[in-house]
Amino acid sequence: MPLHDGVGEGVDIDACIALLEAHGVPLDPGLQSAELAEIEARYGFVFSPDHRHLLARVQPAGERWLHWTRDSEDSIRSRLDWPREGVLFDVENNAFWPAGWGVRPPNAEARSAVVTERVGQWPTLVPLFAHRYMPAAPAGPGAPVFSVWQTDVVFSGADLLDCLRRELEPDTAGSPVIDVSADSCVPWSLLPFEQEVAE
């Protein structure tokens, strides 16, 4: 996954906010630096720059949006666990078992331990809204947004603004293919390209 080295432009947060407003997404005041730091410390990740910049300006409060100060801790942890739980579901129900994980254990408890250990090494995906996720830092500016439904992982946008345009503007259904590469957030980004997960 590309690291945030301070080089490169993030998305236009003003354009993101304007798009949210134009489509009636309720917006609460943004979070203070101390609030963002407390969330990161409590849940064990660091927001990517674009996600952090959005939340510092506004906190989307629509029905499908994760609300970091209103939602319960259990609800937030459940949303953070969703990607791992989805992988585990497909391991148990849809024969997902990457060759790089070695021999598939014969019992569910051992398989769950492998999934927890392996997926725990993957980049953290942070819930945005519904089942749309952004990678946490060290993802840099312009990180992609994923739609995560078990191991059916696809790109929802090349970046945050692209995702919001595709989600909120119905006339973007025929938009060009999302311009991202398979190495944009390995191994999550390998799944949309149906490439073998080695880790």
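The values are calculated or read from the model by the stated rules, or taken from the named source; none is laboratory data. The model shown is predicted, which means the values in this text are computed figures rather than measured ones. Cβ: placed from backbone, ideal geometry, glycine included. Neighbour counts: every protein chain shown. Ligands, DNA and RNA are stripped out before the accessible areas are found, and what is left, the full protein with its side chains, is counted by its heavy atoms. Shrake-Rupley method; radii C 1.70, N 1.55, O 1.52, S 1.80 Å.
Pull out all pairs, ordered by first then second residue, where Cβ-Cβ is under 6 Å, the residues are six or more apart or on different chains, the first lies in segment 135-160 and is over 18 Å from P192 (Cα atoms), and the second is among the aromatic types (F, W, Y) and surrounded by fewer than 22 Cβ atoms within 10 Å (Cβ to Cβ).
A136/F45
When V148 is evaluated against the numbered criteria (1) touching a His at 6+ places or on another chain (Cβ under 8 Å); (2) part of a loop (DSSP other than H, G, I, E, B); (3) crowded, with 20+ Cβ neighbours inside 10 Å, which criterion, by number, is the only one it fails?
Single failed check for V148: (2).
Mind counting the residues in segment 78-100 that are open to solvent by less than 70 Å² (accessible area, probe 1.4 Å), touching a residue at least 40 places away in the same chain (Cβ under 8 Å) and more than 17 Å from E194 (Cβ to Cβ)?
3
From the list R84, R64, R77, exactly one residue is within 30 Å of R118 (Cα to Cα) and modelled with pLDDT under 95. Which is it? Lay out the reasoning, then the answer.
Working: R84 fails: modelled with pLDDT under 95; R77 fails: modelled with pLDDT under 95.
Checking each option against the conditions leaves just R64.
I'm trying to understand the selection: among the residues of segment 127-142, which are open to solvent by 10 Å² or more (accessible area, probe 1.4 Å) and among the aliphatic types (A, V, I, L, M)?
If the condition is that a residue be open to solvent by 10 Å² or more (accessible area, probe 1.4 Å) and among the aliphatic types (A, V, I, L, M), then A130, A137 are the ones that fit.
Among the residues that make up segment 176-183, is at least one of them outside any loop (DSSP other than H, G, I, E, B) and either surrounded by 19 or more Cβ atoms within 10 Å (Cβ to Cβ) or touching a residue at least 24 places away in the same chain (Cβ under 8 Å) (or both)?
Within segment 176-183, the first condition is being outside any loop (DSSP other than H, G, I, E, B), and the residues that meet it are none.
Checked segment 176-183: no residue is outside any loop (DSSP other than H, G, I, E, B) and either surrounded by 19 or more Cβ atoms within 10 Å (Cβ to Cβ) or touching a residue at least 24 places away in the same chain (Cβ under 8 Å) (or both).
Exactly one condition in (1) among the aliphatic types (A, V, I, L, M); (2) under 23 Å from D81 (Cβ atoms); (3) in contact (Cβ under 8 Å) with a residue 24 or more places away in the chain is not met by L168; state its number.
Exception for L168: condition (2).
Which one of G44, G10 is at pLDDT below 95, among the small types (G, A, S) and closer than 20 Å to A139 by Cα?
Values: G44 fails: at pLDDT below 95.
Selected residue: G10, the only one of G44, G10 that is at pLDDT below 95, among the small types (G, A, S) and closer than 20 Å to A139 by Cα.
Any idea how many residues of segment 121-133 are in a strand (DSSP E or B) and in contact with a Pro (Cβ under 8 Å, 6 or more places away or on another chain)? Working first, answer last.
Looking only at segment 121-133, we keep the residues that are in a strand (DSSP E or B), and these are 125-129, 132-133.
Remaining after also requiring in contact with a Pro (Cβ under 8 Å, 6 or more places away or on another chain): 125-126, 129, 133.
Result for segment 121-133: 4.
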